[in-house]
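Bear in mind that the values in this text are calculations on the coordinates, not laboratory data. As the structure is a prediction and not an experimental result, all values here were calculated from the model. Positions of Cβ are backbone-derived with ideal geometry, glycine not excepted, and every protein chain shown enters the neighbour counts.
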Amino acid sequence: MVKSMTAADCAGFTPMMFAVNHGAGEKLDPRISEWLDPVAKGATHCWYLEKDKSTELHYHDFDEYWLWNKGVTELTIRLPDGRSDTFGIGPGWAVYCVRGVEHGHVPREDWGCFEITGVTEPDARKGHLHRTFD
């Protein structure tokens, strides 16, 4: 069964904790790493796209990681309890999108990243999922 991060699970987390500037020596918070599933075999993709190719705010029923290597983008992370933050990232950053955590970005320039997904459970929904807040 898919166990996504819920609003109740978000206490103590900030959206920024899901994005790490490894190029500046930052490390992933151990509390986030406890949530992450193993990487799925063969689940690495490399994207090089133009700056008009943004990604809308969405989440998945599986973990997704972005390893940014080209360009600068405005990343938005929104937790299941509705807290969100938007900030600039670029080469050297990694984004750890735990299943259930929304993410999206608007590029400022042509961009590229490696995208890796975690192991997908049989009951996981496919594609981009969206939630609304009242």
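Only one of the values (i) 25.6, 70; (ii) 14.0, 39; (iii) 17.6, 55 was calculated from this structure for Rg and Dmax of the Cα atoms in Å; name its label. Answer by label: (ii).
Highest GNM mean-square fluctuation, the chain, Cα pairs closer than 10 Å: which of A43, A19, A94? Of the options given, A43 has the highest mean-square fluctuation. Largest GNM mean-square fluctuation across P91, P15, P30, computed for the chain with C-alpha springs under 10 Å, falls on P30. In the chain, the calculated helix contribution to ellipticity at 222 nm averages -500 deg cm²/dmol per residue, counting -39,500 (n - 2.57) for every DSSP H run with n ≥ 4. Placing +1 on the Cβ of every Lys and Arg and -1 on the Cβ of every Asp and Glu, with nothing else charged, gives segment 1-119 a dipole about its Cα centre of roughly 160 debye.
Which listed residue (A19, G42, H103) has the Cα farthest towards the positive end of the charge dipole for the chain, taking +1 on Lys and Arg C-beta and -1 on Asp and Glu C-beta about the Cα centre? Of the candidates, G42 comes out farthest on the positive side. Apply the a/c threshold of 1.5 to the C-alpha gyration tensor of segment 45-84 and tell me whether it is rounded, prolate or oblate. The shape class here is prolate.
Its relative contact order, with pairs defined as Cα atoms under 8 Å and 6+ residues apart, puts the chain at 37 percent.
Computed over the chain with a Gaussian network model linking Cα atoms closer than 10 Å, the most mobile of W35, W111, W93 is W35.
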